[in-house]
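Here the structure is laid out as structure tokens; the discussion comes afterwards.
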Amino acid sequence: MTINNQIKIILTAIFSIAITVFVLDSQGFIRHSSEQDSLYIAEYSLLASAPGTEQSISAKPSDFSAYCIEGRLVMRGAGKKVSADVSGLLVDKKRRAVNCSF
């Protein structure tokens, strides 16, 4: 093979990949993440139940519900602001799953 043919083959491969990605994207086969897909929940805190201390909580319910699935705590959207399709595993700052039990 000559250098000219190698360049043509490389350019054809690059062009084919670019066209394939463009067609798949235009047909909806490539899923782009939305803001809800990358929802980061950092507003949760632990209310410790120590003797002699009082804790107050809001009467308004949260936009999320928690479920115990296979020993892990899973959060799912339940309010008007967050779709019910949004769900995810609750993790700590070191990305370790929060365990739960019945």
Residues whose placed amide H lies under 5 Å from that of residue 86, excluding near-sequence neighbours: 77
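Listed highest first by mean packing, meaning other Cβ atoms within 10 Å per residue, what order do 49-57, 23-31, 70-78 come in?
Numbers: 49-57: 6.1, 23-31: 9.7, 70-78: 14.9.
Top of the packing list down: 70-78, 23-31, 49-57.
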Could you give each residue of the range 7-15 its phi-based ³J(HN,Hα) in whole Hz, using Karplus coefficients 6.51, -1.76, 1.60 with θ = phi - 60°, and x for Gly or Pro? 5, 4, 5, 5, 5, 5, 5, 5, 5
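Bear in mind these aren't lab numbers, they're just calculated from the coordinates by the rules spelled out. Keep in mind it's a predicted model, so treat the numbers as computed, not measured. For neighbour counting, all protein chains shown are included, and Cβ atoms are generated from backbone atoms with ideal geometry for every residue, glycine included.
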